[in-house]
1. Arrange 278, 148 by Cβ neighbour counts within 10 Å, fewest through most, would you?
2. Using the Karplus curve 6.51 cos²θ - 1.76 cosθ + 1.60 with θ = phi - 60°, work out ³J(HN,Hα) for each residue of the stretch 251-260 in order, rounded to whole Hz, and write x for Gly and Pro.
3. Compute the relative contact order of the stretch 1-78 as a whole-number percentage, counting only Cα pairs closer than 8 Å that sit 6 or more residues apart in sequence.
4. Per residue, what volume in Å³ does the Cα convex hull of the chain take up?
5. Fewest first, what order do 1, 136 take by the number of other Cβ atoms within 10 Å?
6. Would you list 265, 100, 31 from fewest to most Cβ contacts within 10 Å?
7. What are the residues whose amide H is under 5 Å from the amide H of residue 144, where those residues sit 5 or more places off or on another chain and H is modelled from the backbone?
8. Looking at the stretch 166-264, I'd like the Rg to Rh ratio, where Rg is from alpha-carbon atoms and Rh is Kirkwood's inverse mean 1/r.
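Derivation of every value follows stated rules applied to the coordinates shown; laboratory data play no part. It should be emphasised that the depicted structure is a prediction, and the values quoted were computed from it without experimental measurement. Virtual Cβ from ideal backbone geometry, glycine too; neighbours counted across all protein chains shown.
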Amino acid sequence: MDVRQLEYFLAVVDHGGFNRAAGALFVAQPSLSQAIRGLEKDLGTQLFHRNGRRVVLTEAGRALIGPARQAVRSLEVARESVTAAHGLRTGRIAVASMPSPAIEPLGGMVQRFAARYPGVDVVLRDAPVPGAVIDMVRTGVTELGLLSAWEPPATTDVDLHPVGEQRLVLVAPPDGPFEPGPPLPRERLAGHRLIAGERGTGMRRLADEIRASGVDVPFAVETDHRAAILSLVLKGVGVAILAEAWRPLALRAGAVVRDLDPPASLHIALAGRKGWLSPIAEEFLRMALSRDPWTDPETGR
């Protein structure tokens, strides 16, 4: 068994098949298949059920994913640590994020980091709910993750670093039922159709709580596509509850944004794998959590 075989195995898992994995790795498909067969021979078990072009993980294959990611990541960290001895000039960091915190605060974090380390590639992965962020960090798909949640998740799998809180706001169409003004009592939503996000998100939890309190708020649309919500609001389909991060975009698009009374907020946290992080991930985390992200830890400037 070697790391190259594990990288090929993970590529098949992540891309859902041998052809797409070979294309992503820029290798010939027969070479990829041969490497996987060699890995299966070394392990003495089949990792995939092959049904024509479709492949499905066996139980042994599913068990290998976590250790394989750790092994591949360990080698990557070793390489990055050697490179970092001469400064963070090049490298790569992958960060998972839910859609709303990906606007802010992640946008500002990446902007500051990229300005200081322009040679480091930052890869952002989408994760729809807090559990998905934690899973991606835990399994090594990414080293760091940014999540927002009604309450900080209880997890022993990853380290959570609080970043702050973000209010939930009401977003309504221009020339719609609401005008700009002070915080809107939740009862005023009665009778207005709501565009609701997916279960497991803070915005959906608040919508469900408002309905459970006896306020008649029918759902116009339920969607897993967070990016579609603002567009639907602007088209007059309904109103929506979104995180504060959407406020600048919504206002520029002409929407009406109101705080709610009583207010509700989401907790924002950065998740990091337990144990050691690569030097790049450590620096990204330090800058993200620092009040002065431009301070160099070595020179203090």
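1. Values: 278 25, 148 28.
Final ranking by Cβ density, sparse to dense: 278, 148.
2. Running phi through 6.51 cos²θ - 1.76 cosθ + 1.60 with θ = phi - 60° gives 5, 5, 7, x, 6, 9, 10, 10, 5, 10 Hz.
3. Working: 69 pairs, mean separation 24.5, N = 78.
Relative CO of the stretch 1-78 lands at 31 percent.
4. Working: hull volume 51.0 nm³, N = 301.
It is 169 Å³ per residue.
5. Values: 1 13, 136 24.
So the ranking, lowest neighbour count to highest, is 1, 136.
6. On the way: 265 16, 100 25, 31 12.
So the ranking, lowest neighbour count to highest, is 31, 265, 100.
7. 94, 96
8. Working: Rg = 11.8 Å, Rh = 13.1 Å.
My calculation of the ratio gives 0.91.
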